[in-house]
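The values are calculated or read from the model by the stated rules, or taken from the named source; none is laboratory data. Given the structure is predicted, the values throughout are model-derived calculations rather than measurements. We place every Cβ from the backbone using ideal geometry, glycine too, and count neighbours over all the protein chains shown.
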Amino acid sequence: MKVISFQSTFTVGLATAISLVLMLLSNPILMAHTFSENENALFLTLINKIKAETQLVAQAATNNTQQAHVHAKAALGLLTQVDPVVNTTWASEISELNPRVTADLLKSLNDLRNSIGSSAASSSISSNSNSVQSKVANIDNLLDEAATVRISSNLLNNPKTQALVLANLGNEIYNNYGKALGIPQSTIASMGGMKMTGMNMNTATNSSGGSGGMSSMNMGSNKSSLNMGAGSSSGTMSGMNSMNGQAAMNQNNSPIKNMTAYQTAQALASIAQQAFNKNFKPIAPSNATSSTTNIGKYIDELKNAVNNKTPFTGVMEIVHVKLHQSIITAYNLKLGVMTTNC
């Protein structure tokens, strides 16, 4: 397979970027993709996204309360907004198995948002910071408890489940970074339009012994596919022909247009590192040492690329050509073209 490689110090020209996209669109093996998966992996991805937002709240609590409040609202919204994939709120999903955990999570996230909203008038920034740190730690514990309540241990400790969570986080970083750079959404979607199919693990049950699709790894299920968007080559080219699109695609130390999205991309990259070291690496198969090493290496590369404001094409290559391809190869997952919109 032909490998597309970029030097970190090399600014990709527009012609090169166009060539890369055309290669991705014409070669289904190299083409960017999303992952069709069950609700367990989706839920674990959600938990990591909430943790990323609450960590940002803790970081910004003392020096940028407005930004901290934005991230606190985002954390709460992830739990309470209707998810288009599962067609309900994740709060409702958790509540089916443990209403107490759901109530505690909602109360804690609301409390975090409200405390940040009033922190600007606080006379003790240090005291408020300690309070926020404590609230965030409590939310992290509740999220971990929700995971163990919602998902059985054999699925939590399944390397394919955790590998797909890492793949999802790669997509989340990719999307937020593109948004941070002001890349048109149509372009972001067009360059990330594949899914994974064909992975079935129907023997496991959830911790409560329930059914309803919650306990199986049906990676070909249309209901549970993550949709990061699909597009045509013409859609991609039209996005790339905008001045903002060109600059963000190719410019080193790319200017940030959306700081909230950029901070989220940074936090998700850190969370991905934590998830790799804590949840994936310890349970990775012993006969997949090389693949495991590569996955960790590409997550490190992705974090550095975001922090260094690498051109968008570089981040796209790390996520969709390196990281995802390593996961596909290691776990014998299949690709299929997405036909729905982001």
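I'd like to check something: does segment 149-161 contain any residue that is buried (at least 23 other Cβ atoms within 10 Å of the Cβ), within 18 Å of the chain's Cα centre (by Cα) and part of a helix (DSSP H, G or I)?
Scanning segment 149-161, I find at least one residue that is buried (at least 23 other Cβ atoms within 10 Å of the Cβ), within 18 Å of the chain's Cα centre (by Cα) and part of a helix (DSSP H, G or I), so the answer is yes.
Those residues that are farther than 28 Å from Gln59 by Cα and under 17 Å from the mean Cα position of the chain (by Cα), I need them from segment 71-107; list them, please.
Passing the criteria: Pro84, Val85, Val86.
Going through Thr80, Thr102 one at a time, which residue ends up being touching a helix residue (DSSP H, G or I) at 6+ places or on another chain (Cβ under 6 Å) and within 15 Å of Arg150 (Cβ to Cβ)?
Values: Thr80 fails: within 15 Å of Arg150 (Cβ to Cβ).
Just one listed residue meets the conditions, Thr102.
Given the options Thr310, Thr292, name the one that is polar (S, T, N, Q), surrounded by 19 or more Cβ atoms within 10 Å (Cβ to Cβ) and in a loop (DSSP other than H, G, I, E, B).
Going through Thr310, Thr292 in turn, just one is polar (S, T, N, Q), surrounded by 19 or more Cβ atoms within 10 Å (Cβ to Cβ) and in a loop (DSSP other than H, G, I, E, B): Thr310.
Any idea how many residues of segment 164-192 are over 12 Å from the mean Cα position of the chain (by Cα) and either buried (at least 24 other Cβ atoms within 10 Å of the Cβ) or farther than 25 Å from Thr313 by Cβ (or both)?
Restricting attention to segment 164-192, the residues satisfying the condition of being over 12 Å from the mean Cα position of the chain (by Cα) are 178-192.
Filter once more, so that each one left must be either buried (at least 24 other Cβ atoms within 10 Å of the Cβ) or farther than 25 Å from Thr313 by Cβ (or both): 178, 180-181, 183, 187-192.
Of the residues in that region, 10 qualify.
Step by step: first the residues of segment 74-91, then only those that are out of contact with any Lys or Arg (no Cβ under 9 Å at 6 or more places or on another chain) and assigned to a loop (DSSP other than H, G, I, E, B), then the one that is farthest from Ile47 (Cα to Cα). Which residue is that?
Going through the qualifying residues, I end up with Pro84.
Among the numbered conditions (1) β-branched (Val, Ile, Thr); (2) in a helix (DSSP H, G or I); (3) more than 18 Å from the chain's Cα centre (by Cα), tell me where Ile50 comes up short.
Among (1) β-branched (Val, Ile, Thr); (2) in a helix (DSSP H, G or I); (3) more than 18 Å from the chain's Cα centre (by Cα), Ile50 violates only (3).
May I ask you to verify whether Gly235 is crowded, with 23+ Cβ neighbours inside 10 Å, at pLDDT below 95 and in contact with a Ser or Thr (Cβ under 7 Å, 6 or more places away or on another chain)?
no
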